[in-house]
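Novice: Please see the structure below; I have some questions.
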Amino acid sequence: MRDPEYLFSKVDWSSVDRHQRQRLLEEIGALDGDRLLNSSIDDLCDYFEKKYRVDVPVLRLDEIVADQHETRVDVSQDPGRFIRNRSSPFYLPGTTVEVEVPFDGDAEAFKVQPTTYTLNSPQAEVRDGLLVLRIAGTSLSADEVRRQVDRTLGDIRGYLETLTRDAEGLNNDLRSTAMSAIEKRRGKLLADRRLVGGLGFKIKERQDHQRTYVVPEVRRNLRPALPPASEAPFKPEPVLSDADYEHILQVVQSMAQVMERSPSAFAAMDEESLRSHFLVQLNGQYEGQATGETFNYEGKTDILIRSEARNIFVAECKYWSGPKKLLETINQLLGYSCWRDTKVAVIIFNRNKDFSNVLRAIQEVVPTHPNWKRSLGVQSETSFRYIFAHKDDRNREMTLTVLAFDVPS
């Protein structure tokens, strides 16, 4: 049994705030270059945000338990007792009541002095997810013990509330701080790779290149781990710019609006015929380097742009036939051999009567796919954007936009 300690008195909050921010930047700066380039930026941000946030404890007051045991109590400093020599301990038989308060959060936070505090810090023992309060005396009563417990818990809760407000600023900044530092270092790494690559010589393989990566220790029980990354050196890959992606989708939407306004002209067309109309419009906007056609197709319904034998844009045209078919279409897109950051689209044509139910079903079913990572929001009333992980490598991410159009028969 450890003695109670003074809580919230080991280190001040400003030092903790500075330390967490500095350690985050140092770890990003020290991360292996290939490791950084081969990992998803968002997954890295998730890791750093979880690792360096301060989770202020929350007391589970409805789960408090109490116990008692006999003990010897030093009464030498008790002013109500006549003791000849108060410089030496004087023990009498007594009772100790132990009150255990479970909590969730980071136990280390009980050592941190918040920005507002009193000169008399509360005392308790912190152990294994429990806050242990002890009250000892030679003639304790239930009312007296309860008053002391309530007073101490009230003080602790006040400290935790202040500390929670202090931690909000740090916790809210961590993701943006990590994102900025990661993007800055990635930019420098890519510039360095292009510099060496432009010399025309074979790039020397580093002898100290790390083939495995050790997850650094952190102090929480549930330790965040760095996202998995390929062991191979990072090779820059061609990507479709966000601006070109948006323009392609605008061309698709414009064509679909023509179909919505003149449904009879397209009523008898199948998916392959519709795809051909989109190809004509898209190739009227973009000129290919070799054939004159940037947009091509493979299979029955694909619209795609290829670079160095891989797809950087793929679109699937489908008539709506239910949530299951939409998930199968996403699986088909994930099956392509794709570059990192490939951008894709699912173009859905609805010939059913209830278009509102189709839009609702799209938003409900897409996040249920096992490779879904997050939603990027509603682009319009009929357009939804998501990030998906490639089926074989979660660090290869796919931007997926689902566009739905109502084309009555």
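Novice: Any of LYS111/LYS188; LYS184/LYS318; LYS10/LYS51; LYS50/LYS184; LYS10/LYS184; LYS325/LYS391 with alpha carbons more than 29 Å apart? Name them for me.
Specialist: With Cα atoms farther than 29 Å apart: LYS111/LYS188; LYS184/LYS318; LYS10/LYS184.
Novice: Please check which bits of segment 90-110 a label hung off THR71 would reach, taking the label as a point 7 Å along Cα-to-C-beta and the cut-off as backbone N under 19 Å.
Specialist: Only 90-102 fall inside the zone, counting backbone N under 19 Å.
Novice: Moving on to the next point. By how many nm would the segment from MET269 to VAL132 lengthen if fully extended, with 0.36 nm per residue of separation less the alpha-carbon distance?
Specialist: The MET269-VAL132 span can extend by a further 42.0 nm.
Novice: What number comes out for the charge environment of CYS45, summing +1 per Lys or Arg and -1 per Asp or Glu over other residues with Cβ under 15 Å away? Show your work: numbers first, answer last.
Specialist: Details: positive: ARG21, ARG35, LYS50, LYS51, ARG53, ARG175, LYS184, ARG185, ARG186, LYS373, ARG374, ARG394; negative: GLU27, ASP42, ASP43, ASP46, GLU49, ASP173, GLU183, GLU397.
Residues near CYS45 contribute +4 overall.
Novice: What is the calculated FRET efficiency for SER176 to ASN120, with r their C-beta to C-beta distance and R₀ = 30 Å, to the nearest 0.05?
Specialist: 0.20
Novice: Let me ask something else. Kindly put TYR6, TYR245 in sequence by how many other C-beta atoms sit within 10 Å of each C-beta, fewest to most.
Specialist: Ordered from fewest to most neighbouring Cβ atoms within 10 Å, TYR6, TYR245 come out as TYR6, TYR245.
Bear in mind that the values in this text are calculations on the coordinates, not laboratory data. Here the structure is a predicted model, which is why all the values come from computation and not from measurement. Cβ coordinates were reconstructed from backbone atoms using ideal geometry, including for glycine residues, and neighbour counts include every protein chain displayed.
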